[in-house]
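Rule-based calculations on the coordinates, nothing more; no lab input. This is a predicted model, so every value here is computed, not measured. Here the Cβ positions follow ideal geometry from the backbone for every residue, glycine too, while neighbour counts run over all protein chains shown.
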Amino acid sequence: MAPATGVAAVDLHGVHKRFGDVAAVDDVTLSIRPGEVVALLGPNGAGKTSTIDMVLGLSEPTTGAVRVHGMAPRRAVALGLVSAVMQTGGLLKDYTVEETVRLVASLFGSARPVGEVLRRAGIAGIRGRRVGRCSGGEQQRLRFAMALLPDPELLILDEPTTGMDVAGRHDFWSAIRQDADRGRTVIFATHYLEEADAYADRIILIRRGRVVADGTAAQVRALASGRMLRATLPDPDPDHLADLARLAGAESVEIRGATVIVHTHDTDPVARYLLTRTPARDIEITSRNLEDAFLALTADDDSTPDTGQRSAP
C-alpha cells in the first residue's frame, strides 16, 4: 500500500443518483479517512449498492462529485488503489484456486506474490482444489485473495463472510483489522449487524438513499432512544400485560414463551410494577442494541419522520 497522503480515502459531495423517477441516492455527502473500517448498512433498496457502484467507478452520479484518494474513481481503480470483494460471480468453476489467483495476478503490472495472498486469505491449504468444489465460504476467501493482489489502499466488501463458519469469520475479520491498522481503508456492507458492531470503527446507516446516522456503533445505538426490560413471567396474566402496555413511556410489550419484553423510555415504573404486582423474576434492563437502532432509524414507514442525517454528538 502507498503511504497515506492526508487526502480522504473516499469523498462524496452532494451526490444524487437517479434511475428515471427513482432517487437511489439522494444528496449524500460524506468523507471517509484512510485506515477507517466503515460499515455501510441499510435495508434492501436503501441505496448501498448504488453508492458502492459510484465509488468503484461502475456508474456516474447524476449530480454531485465522487473522489477516491483525490481522483476520479475509475482512475483510482486503474492504478490498483481500489479492490472489491463481491458476494457472487467472478469465478471460473473448472480452474483450481491457485490457477484462478495466478490468472488474475497476470492482469496487474505489479501484484503481490500468489502464495502470500493465498496464505493471507487462509486458503493456501486448498490451492489445488477446483473452484467448483469449494464451499461458499471458501469461494468468498478466494475473492478476498484476488482483491489483495494489487495491495489496494481501499477495499470494498459486499457481504464478505457469507457462507463462512464462525471460526472463518473471526479469522477473516482479524486479517481485515490488521490491514486497517497498517492504513488500508475498508468499506463493507453486511446483514450481520453483530459484525458491524464488533469490527467497524464507524457505521453509516442509509434509508431511501439518504444517510440517517453516521458514527461509532455506540453513538448509533444511542440514537435509538429508550431501553429494553426483559423478565421471566410464567403464565402471564392478560390483565398484567394490558397494565404494562398502559404504563407511561411503554412503547411495546412482547411475550416470548415465559419471557416478557418491554421497550420503554422509562424502565422504573415497569420494573416497579413487575416486582410488586406480578410473580416476575430475573429482571434485566439493557440499552437498545444495534439491531434496535437499525430498525428504528431505517424503518420504511411513511409515518416515520425523515429528519435528515443524524451524526453523533
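General remarks:
- Computed over the Cα atoms of segment 226-287, the ratio of the radius of gyration to the Kirkwood radius (Rg/Rh) comes to 0.90.
- Rounded, prolate or oblate (a/c below 1.5 giving rounded, otherwise prolate when a/b exceeds b/c) for the chain by Cα gyration tensor: prolate
- Label-to-label distance for Thr63 and Asp26 is 1.4 nm, based on points extended 7 Å past Cα in the beta-carbon direction.
- Most mobile of Arg208, Arg230, Arg75 in a GNM of the chain (Cα contacts under 10 Å): Arg230
- Per-residue 3J(HN,Hα) values for segment 40-52, derived from phi via the Karplus relation 6.51 cos²θ - 1.76 cosθ + 1.60 with θ = phi - 60°, read 9, 10, x, x, 4, x, 6, x, 4, 5, 4, 5, 4 Hz in sequence order (x marks Gly and Pro).
- Our estimate of slack between Ala218 and Ala258, defined as 0.36 nm per intervening residue step minus the Cα-Cα distance, is 11.4 nm.
- Sparsely packed loop sites in segment 89-161 (the trypsin sites (Lys or Arg not before Pro) outside DSSP H, G, I, E and B with at most 13 other Cβ atoms within 10 Å) comprise Lys93.
- Pair Arg33, Val166: separation of 7 Å Cα→Cβ label points (nm): 3.4 nm
- Selection from Ala9, Ala46, Thr96 lying farthest towards where the dipole of the chain points positive, charges on Cβ: Thr96
- Taking 0.36 nm per residue of separation and subtracting the Cα-Cα distance, full extension of the segment from Tyr192 to Leu107 would add 27.3 nm.
- Residue-wise HN-Hα coupling along segment 123-136, computed from phi with Karplus coefficients 6.51, -1.76, 1.60 (Hz; x: Gly, Pro): 10, 4, x, 10, 4, x, 7, 5, 4, x, 9, 7, 6, x
- Building the convex hull from the alpha-carbon atoms of segment 1-112 and averaging its projection over directions returns 8.7 nm².
- Cα centroid of segment 80-100 to Cα centroid of segment 255-273, whole Å: 49 Å
- If R0 is 35 Å, the Cβ-Cβ spacing of His265 and Arg177 corresponds to a FRET efficiency of close to 0.45.
- Taking other C-beta atoms within 10 Å as the exposure proxy, Ile206, Ile52 rank Ile52, Ile206 from fewest upward.
- As a proxy for reagent exposure, ranking Met164, Met71, Met146 by other Cβ atoms within 10 Å from fewest up yields Met71, Met164, Met146.
- Relative contact order of the chain, taken over Cα pairs closer than 8 Å and 6 or more residues apart, is 19 percent.
- Cut-off under 5 Å, modelled amide H: who pairs with Gly42 long-range: Ile206
- Share antiparallel - DSSP beta bridges, the chain, percent rounded to 5: 65 percent
- Close amide H partners of Ala72, meaning residues 5 or more places away or on another chain with modelled amide H under 5 Å apart, do not exist here.
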